[in-house]
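The values are calculated or read from the model by the stated rules, or taken from the named source; none is laboratory data. Every value quoted in this text rests on a predicted model; they were computed, and no experiment measured them. FYI the Cβ positions are ideal-geometry reconstructions off the backbone, even for glycines, and counts take in every protein chain you see. With ligands, DNA and RNA removed, areas are computed over all heavy atoms of the protein, side chains included. Shrake-Rupley method; radii C 1.70, N 1.55, O 1.52, S 1.80 Å.
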Amino acid sequence: MDVRESLRSALRDALETAGVDPVPEVITLERPANPEHGDWSSNVALATAKAAGRNPRELGQQLVDHCAANLPPHVTAVEIAGPGFVNFHLGDSWLHDVLADVVEAGTDGFARSDVGAGSSVNIEYVSANPTGPLHAGHARWAAYGDALSRLFAHCGYAVHREFYVNDRGVQTELFGASLTARAAGEEPPEDGYQGGYVTEWAEELPGAADPVAWGIERAQADQRQVLMSMNVEFDRWASERSVVQSGEMEKAIDELRAAGYVFEDDGAMWLRTSDFGDEKDRVLFKSDGDATYFVPDIAYHHQKYDRGELVIDILGADHHGYVKRMAAAMQMMGHAAESYEVLVGQNVTLVRDGAEVRLSKRAGTMIEARDLVELAGADVARLTFLLQSIDTTQTIDLDLLVAQSNENPVYYVQYANARVHSLARQAKEREIARLPLADVDLSLLTHERELALLRSLSELPDVVIRAVENRGPHQVTMWTRECAAALHGFWHDCPILRDDVDDAIRQARMWLVEATRIGLGVGLDLLGVSAPESM
RNA sequence: GCCCCCGUAGCUCAGUGGAUAGAGCAUCGGUUUCCUAAACCGUGAGCGCAGGUUCGACUCCUGCCGGGGGCGCCA
């Protein structure tokens, strides 16, 4: 049984014995930051004392007494501490069990969770307009959306990834007109596309082609290619044009009208989104009869529920104003408020030579996603994007990104991974083979570095669950850094293949490295990063 | 004016309502007859301000200050 389960069960028994009724559903266990507070700690006495009309410290003491009299597996001591924490001190054997569990689970099974079993999620991300290359911001959403998808999948969710292509409307017309102008050697229209890529692509434009349709194809091909180079793929490239042509729009409007939220004013058709918290109502059909982008978007989002019961949009900060109106529309169509989720991420700022690089299509200083991948490589680019929360504006120093040095945090993790793989190579060269795990005495792993590494590995399953709940893949990145640090420390102080190392210890350490290979492998895979096996 | 995000160490950032707030980089000093020193060890310094909720607040709530983004019958 998992350590946590046996500790929880012990606490439940203790609470019952102490006369706490009802026993709380959730019993929280934490890993204390301070080693003096044990290996696992529970605040259950603090959390329940008030409702039970008890003194937290006294209740805690009762729990401690009960647990001490019925020690759960691995537990060596139970103490009351502070205002009423129950702290469990465990023998190293629990960490040795962790090693065996990791190895048994392997790369496919370690840190998996079934919290999403039977549930499905539809995630839309990037969804850039097909009017030009992806820029650095899009690359952030690509890395984020892909990693989040991987996390959901690792937790048992059925995941469907979509990219919505706005392949109709004013912007695409302008883009086509810009291509046509450049092809004729003229300047693009006033509010057209000025970027250098338009001139380049215009040279490829076949004379007979429809510039709008051709331009959309060209831009999409460009975007797909960059995404592929970042190892980001989608299950569906949804076309706005198709949504419009499918008749789904009309059906959606009918539903909204039937629900009573559609009204006419000033010759336009409106949706009463203000009933659902939007700051004002929104136009569906303009007074000239044309649909706004909002209409096909509603139809598309409604349709997405066929491909996932939880619908998630990942948007840049410049689209946050759009959230409430779409949430309103989905609720009008009968979708529960919590079934539609928008993750709004902040911008990317690029710095070069110590100064901010202004992203301007006009000035030609746009940093494309392609530039980042070419500069740094897909792995470094992705891991860099996943270093921090999407709630923060990310500043990427291009000089640092490119530097193949320890100034770049990415290499710290990659180096740990390389070391793990190098051990296998070295062992092979020296003809040292691992014995079957069952024949190896893991209790020889007692060095503080070995235990620290095992502690780190023991945390990944919880990190994964927390990361998916918080929609925060960066928490996995943080873990890989911590695990890498533990590996480096272990590597420094605990020789493995050296001649003077005892055979039995060598075997145990080789298995520890194997478990670390699995752990780092799972962590990096969740981030979509394929770290090199050598550097 | 309204809406969203942020404000933590010199810099870039972590921090599921818990106990003494952590990493990397930068600074200074140390470690290699030994599996890659892209490593390890030591070193100083911090929660924007003011209230509130709570047994307990960096975390939740309110206000203020500061930075970024957004408020179209554009997408």
Could you check the range A:160-176 and list, in sequence order, the residues that are crowded, with 22+ Cβ neighbours inside 10 Å and within 14 Å of A:Leu310 (Cα to Cα)?
A:Arg161, A:Glu162
Could you say which residue among A:Asp254, A:Asp266 is more than 32 Å from the chain's Cα centre (by Cα) and within 8 Å of RNA strand B (Cβ to nearest atom)?
A:Asp266
Restricting the range A:487-508 to residues that are under 11 Å from A:Arg449 (Cα atoms) and assigned to a helix (DSSP H, G or I), which is most open to solvent (accessible area, probe 1.4 Å)?
A:His492
Go through (1) at pLDDT below 95; (2) within 12 Å of RNA strand B (Cβ to nearest atom); (3) hydroxyl-bearing (Ser, Thr, Tyr) and name the single condition A:Tyr300 misses.
(1)
Regarding the range A:433-448, can at least one residue be identified that is within 9 Å of RNA strand B (Cβ to nearest atom) and either of a type in the set (D, E, K, R) or not in a helix (DSSP H, G or I) (or both)?
no
Complete set of residues in the range A:448-477 that are open to solvent by 70 Å² or more (accessible area, probe 1.4 Å) and either in contact with an Asp or Glu (Cβ under 9 Å, 6 or more places away or on another chain) or within 21 Å of A:Tyr411 (Cα to Cα) (or both):
A:Glu448, A:Arg449
Quick check on my filter: what residues within the range A:9-34 are within 30 Å of the chain's Cα centre (by Cα) and open to solvent by 50 Å² or more (accessible area, probe 1.4 Å)?
A:Glu25, A:Val26, A:Thr28, A:Glu30, A:Arg31, A:Ala33, A:Asn34
Just a yes or no: is a residue in the range A:25-33 over 11 Å from A:Asn87 (Cα atoms), more than 13 Å from RNA strand B (Cβ to nearest atom) and not assigned by TED's automatic domain parsing to the domain that holds A:Leu460?
yes
Could you check the range A:198-207 and list, in sequence order, the residues that are open to solvent by less than 50 Å² (accessible area, probe 1.4 Å) and either without any contact (Cβ under 8 Å) to a residue 24 or more places away in the chain or assigned to a helix (DSSP H, G or I) (or both)?
A:Val198, A:Trp201, A:Ala202
How many of the residues making up the range A:367-413 are surrounded by fewer than 19 Cβ atoms within 10 Å (Cβ to Cβ), assigned to a loop (DSSP other than H, G, I, E, B) and touching a residue at least 40 places away in the same chain (Cβ under 8 Å)?
6
Residues satisfying the stated conditions in the range A:322-345, i.e. part of a helix (DSSP H, G or I) and among the small types (Gly, Ala, Ser):
A:Ala327, A:Ala328, A:Ala329, A:Ala337, A:Ser339
Please determine whether any residue of the range A:507-527 is touching a residue at least 40 places away in the same chain (Cβ under 8 Å), more than 13 Å from RNA strand B (Cβ to nearest atom) and basic (Lys, Arg).
yes
Kindly evaluate A:Gly82 against the criterion of being touching a strand residue (DSSP E or B) at 6+ places or on another chain (Cβ under 9 Å), open to solvent by 20 Å² or more (accessible area, probe 1.4 Å) and at positive phi.
no
Among A:Asp222, A:Asp210, which is open to solvent by 30 Å² or more (accessible area, probe 1.4 Å) and acidic (Asp, Glu)?
A:Asp210
Kindly indicate whether A:Ser239 is under 27 Å from A:Gly528 (Cβ atoms), open to solvent by 20 Å² or more (accessible area, probe 1.4 Å) and within 13 Å of RNA strand B (Cβ to nearest atom).
yes
When the residues of the range A:262-303 are filtered to those that are of a type in the set (Gly, Ala, Ser) and over 23 Å from A:Tyr125 (Cβ atoms), which remaining residue is surrounded by the most Cβ atoms within 10 Å (Cβ to Cβ)?
A:Ala291
Mind checking which residues of the range A:446-464 are within 10 Å of A:Trp479 (Cβ to Cβ) and either polar (S, T, N, Q) or touching a strand residue (DSSP E or B) at 6+ places or on another chain (Cβ under 6 Å) (or both)?
A:Ser456
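Residues are listed down the side, and each one gets a yes or a no for (1) of a type in the set (Val, Ile, Thr); (2) in a loop (DSSP other than H, G, I, E, B); (3) crowded, with 21+ Cβ neighbours inside 10 Å; (4) at pLDDT below 90:
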residue: A:Lys50; (1), (2), (3), (4): no, no, no, yes
residue: A:Gln61; (1), (2), (3), (4): no, no, no, no
residue: A:Val64; (1), (2), (3), (4): yes, no, yes, no
residue: A:Cys67; (1), (2), (3), (4): no, no, yes, no
residue: A:Val78; (1), (2), (3), (4): yes, no, yes, no
residue: A:Phe88; (1), (2), (3), (4): no, no, yes, no
Would you check which residues across the range A:140-197 are of a type in the set (D, E, K, R), more than 27 Å from A:Thr393 (Cα to Cα), part of a helix (DSSP H, G or I) and within 16 Å of RNA strand B (Cβ to nearest atom) and list them?
A:Glu173
